[in-house]
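Here is the structure we will look at.
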Amino acid sequence: MSRRVVITGMGIWSCLGTDINTVKDSLYNGKSGIGLLPERLEYGYRSGLSGIVEVPVITKQMLDRHTRAGMSEEAQYAYMASRQAFEQAAINDNYLRANEVGCIFGNDSSAKPVIEASKIMDEKHDSAMLGYGIVFQSMNSTVNMNLSSIFHLRGVNFTISAACASGSHSIGIGYMLIKQGLQDMILCGGAQETNYYSMASFDALGAFSVRMDEPTKASRPFDKDRDGLVPSGGAAALVLEEYEHAVARGANILCEVVGYGFSSNGGGISEPSDEGSVIAMTRAIKDAGISVDDIDYVNAHATSTKQGDMYEAIALNKMFTGHRALISSTKSMTGHECWMAGASEIVYSTIMMQNNFVAPNINLEKPDEYADKLNLTAKTVDTEVKVVLSNSFGFGGTNSALVIRKVL
């Protein structure tokens, strides 16, 4: 059995905006969502740069106090994005209670509740002081357990923890399960906490940009003068659905997921690989049954680090030299959304597909020697976008590539 898989709903909570239309305008206008958080510097970070993500306001009219007590920061982001996705897909509570819907989300940390619990224990030496909700906040599966409970989801239910490819793999696995006939509908996505506890270990690696005098110019994928990535976060949610199932209920189809490719580098724990990237992209394109010439746009993983951008540029040159696909990294505007990035970049790419433009790789002033032959665009390009390849790579050598296509 091989069934078609489509996206019928999307939701987003990011530094570019907290609804699809605002994010569309940010992407089209090349508007950065990056700013400076002084509390990070006070805490001891080298860099105070971050994507500035709005704090969700979840009222008692939306969720009761007992439910809210068990929600981590990233679960709150995911809840807000998922509400949007279900609304766009025309899925209400009655539908969710009457039908089996799955949930697969990418998430690879929940630092704040773990650290806060540790502080309470160190001070009070009494586990009773931790309260009810912290156990549900502190687990890596915090997003899935909360969403599945809140929305009454009774299908597949697990978390993908695959570093910065988590969100992409969640869509890829959801696509495979629906394609194989095991589910008809799955809520997929990715979520990333933004509290200052969560990023300190990354800052310790010297991975972050310190261009703090110009926050909106700090994230510079493929640019010769880049000095590191900018951390960011939020959540992205997508309703994946079997094509005939969507048609039968009169759903508005946004695009089709047609390819998923993956690989592992098998090298150093933080070492990228052009070979691993090529394998993932090649598998996704083969799975989609298309050629490189069919691809209109590549949403590059490129995080604005020297090594990561370099290896991806080498891989993209191997795949796309002499071909027409435009390439950009939306992380130039968002910073690196980490565990959510693979999912949010499918949302961003679908927005471009629906509105016939390619978003710019802002801050690209001098492409480095590995990127200077790539078909990178530093400005918004108004053009029809029918097929998109989106890359996501992560620590431990995990690679994921997705292909989405406009449904005509």
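Bear in mind these aren't lab numbers, they're just calculated from the coordinates by the rules spelled out. All values reported here derive from a predicted model rather than from experimental measurement. Positions of Cβ are generated from backbone atoms using ideal geometry, with glycine treated the same way; all protein chains shown enter the neighbour counts.
Of all residues in the stretch 391-408, which are aromatic (Phe, Trp, Tyr) and either surrounded by fewer than 24 Cβ atoms within 10 Å (Cβ to Cβ) or more than 26 Å from Asp296 (Cβ to Cβ) (or both)? Scanning the stretch 391-408 gives a single hit, Phe395. Which of the residues belonging to the stretch 7-50 are within 15 Å of Leu229 (Cα to Cα), among the polar types (S, T, N, Q) and under 17 Å from the mean Cα position of the chain (by Cα)? The answer is Ser32, Ser50. The number of residues in the stretch 262-287 that are crowded, with 21+ Cβ neighbours inside 10 Å, out of contact with any Asp or Glu (no Cβ under 8 Å at 6 or more places or on another chain) and in a loop (DSSP other than H, G, I, E, B) comes to 1.
Take the stretch 32-51 and flag every residue that is assigned to a loop (DSSP other than H, G, I, E, B) and surrounded by fewer than 16 Cβ atoms within 10 Å (Cβ to Cβ). So that I can check it myself, show each step before the final result.
To start, the set of residues in the stretch 32-51 that are assigned to a loop (DSSP other than H, G, I, E, B) comprises 32-33, 37, 44-48.
Selection gives Gly44 alone.
Look at Thr194 and say whether it is within 15 Å of the chain's Cα centre (by Cα), part of a loop (DSSP other than H, G, I, E, B) and within 30 Å of Ser138 (Cβ to Cβ). Taking the combined requirement at face value, the residue satisfies it. Of everything listed in (1) over 21 Å from Asn21 (Cβ atoms); (2) within 21 Å of the chain's Cα centre (by Cα), the single unmet condition for Phe357 is (1).
Conditions tested, residue by residue: (1) in a loop (DSSP other than H, G, I, E, B); (2) farther than 22 Å from Asp64 by Cβ; (3) free of Cβ contacts under 8 Å to residues at least 40 places away in the same chain.
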site: Tyr95; (1), (2), (3): no, no, yes
site: Glu100; (1), (2), (3): yes, yes, no
site: Ile104; (1), (2), (3): no, yes, no
site: Asp108; (1), (2), (3): yes, yes, no
site: Ala117; (1), (2), (3): no, yes, yes
site: Tyr132; (1), (2), (3): yes, no, no
site: Phe136; (1), (2), (3): no, no, no
site: Val143; (1), (2), (3): no, no, no
site: Ser148; (1), (2), (3): no, no, no
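A single entry from Lys373, Lys386 fulfils the requirement of being within 23 Å of Gly289 (Cβ to Cβ) and in contact with a strand residue (DSSP E or B) (Cβ under 9 Å, 6 or more places away or on another chain): Lys386. Does Ala90 count as out of contact with any His (no Cβ under 9 Å at 6 or more places or on another chain) and under 23 Å from Asn107 (Cα atoms)? It is false that Ala90 is out of contact with any His (no Cβ under 9 Å at 6 or more places or on another chain) and under 23 Å from Asn107 (Cα atoms). Is one or more of the residues making up the stretch 239-253 in contact with a Ser or Thr (Cβ under 6 Å, 6 or more places away or on another chain) and over 14 Å from Gly9 (Cβ atoms)? No; the residues of the stretch 239-253 include none that is in contact with a Ser or Thr (Cβ under 6 Å, 6 or more places away or on another chain) and over 14 Å from Gly9 (Cβ atoms).
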